[in-house]
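The values are calculated or read from the model by the stated rules, or taken from the named source; none is laboratory data. Note that this is a predicted model, so its numbers are computed, not measured. Positions of Cβ are backbone-derived with ideal geometry, glycine not excepted, and every protein chain shown enters the neighbour counts.
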Amino acid sequence: MTDSQASARVRYVLVRTSHPGNIGSAARAIRTMGFDRLDLVTPHRYPDPEADALAAGAPGVLEAARVHDDLPSALSGCSLAFGLSARRRGVTLPELTPEQAAEQAWQAAREGREVALVFGNEQSGLANEELAHCHAMVRIPSVEDYSSLNLAQAVQVVAYEMRLASLQGAAPELPEPKDPPADLAQMEQFFTHLSQALHDIDFHKGRSPRTIELRLRKLFLRAEPDQRELRILHGILAEAQRVQRRAQGEG
């Protein structure tokens, strides 16, 4: 896979952006580093003349930008997602530097995988529920007493690291994987099935399912199953549900 093909597999996702100028500045930031895929999740104001003005020479990025109603829709087709966060929020995700994340993201893109770099709202960042859709959290190592980085600046930092990762030698072209990795939309379908199956077999015994389901989500995202493996897992859950229904019927 060529570098241009790999670049086309990297999307920058802005979630609940408050200021349209940041959308335009982010478009400019990624375009200067060789990327052009921008996805927006429920932006406060968009389209907007301010976004067009601050794109400054990267209007094609805005014209091709896709707007989504929720984060899972924006991540559809992706099998690897990194969430940018300025603060540790008690989310038990692996924590990477921008350089580490860029190396992993670029390698995945060269392997033919769709990759997402996810940025939150200017004031509140990514919520825990949004970070839960990501495989790891990325923190830009700013100073502790003033860690507030402008959204477009954060996008520029990460896009720059992605550019550096793409320039690290002439890596050989990699073949397409025989078994494509499950994308995040397929993983969400699996998590829904898993939650229902755990309920059906009364696994939680009246306890809150939140903690265990978050831990299982982390486990399976870390495992990165391919589509065939995910079908096997669905089959196991379906069989457990079938056996439970039969047992209830016999009772």
*Those residues that are surrounded by 15 or more Cβ atoms within 10 Å (Cβ to Cβ) and not in a loop (DSSP other than H, G, I, E, B), I need them from segment 73-87; list them, please.*
74, 80, 81, 82, 83, 84
*Residues 172, 141, 177: which one is at pLDDT below 95 and closer than 21 Å to residue 225 by Cα?*
177
*Could you pull out the residue among 45, 11 that is in a loop (DSSP other than H, G, I, E, B), in contact (Cβ under 8 Å) with a residue 12 or more places away in the chain and on the phi < 0 side of the Ramachandran plot?*
45
*asked:* Being part of a loop (DSSP other than H, G, I, E, B) and within 23 Å of residue 35 (Cα to Cα) is the filter here; which residues of segment 110-126 pass it?
replied: 111, 112, 113, 114, 120, 122, 126
*Could you grab me the full set of residues in segment 222-251 that are outside any helix (DSSP H, G or I) and either loosely packed, with under 12 Cβ neighbours inside 10 Å or out of contact with any strand residue (DSSP E or B) (no Cβ under 8 Å at 6 or more places or on another chain) (or both)?*
251
_Count of residues meeting criterion [part of a loop (DSSP other than H, G, I, E, B) and out of contact with any Leu (no Cβ under 7 Å at 6 or more places or on another chain)] in segment 127-147_ = 8
*Can you name the number of the only condition in (1) under 18 Å from the mean Cα position of the chain (by Cα); (2) free of Cβ contacts under 8 Å to residues at least 40 places away in the same chain; (3) closer than 27 Å to residue 99 by Cβ that residue 83 fails?*
(2)
*Check 219, 184 and return the single one that is within 29 Å of residue 80 (Cβ to Cβ) and surrounded by 15 or more Cβ atoms within 10 Å (Cβ to Cβ).*
184
_Selected residue [in a loop (DSSP other than H, G, I, E, B) and either at pLDDT below 90 or more than 30 Å from residue 107 (Cα to Cα) (or both)] from 193, 204_ = 204
*With the condition kept exactly as written, say whether any residue in segment 62-74 is out of contact with any His (no Cβ under 8 Å at 6 or more places or on another chain), farther than 17 Å from residue 183 by Cβ and without any contact (Cβ under 8 Å) to a residue 24 or more places away in the chain.*
yes
*Scanning for something closer than 15 Å to residue 114 by Cβ, surrounded by fewer than 18 Cβ atoms within 10 Å (Cβ to Cβ) and modelled with pLDDT under 95, does segment 8-22 turn up at least one residue?*
no
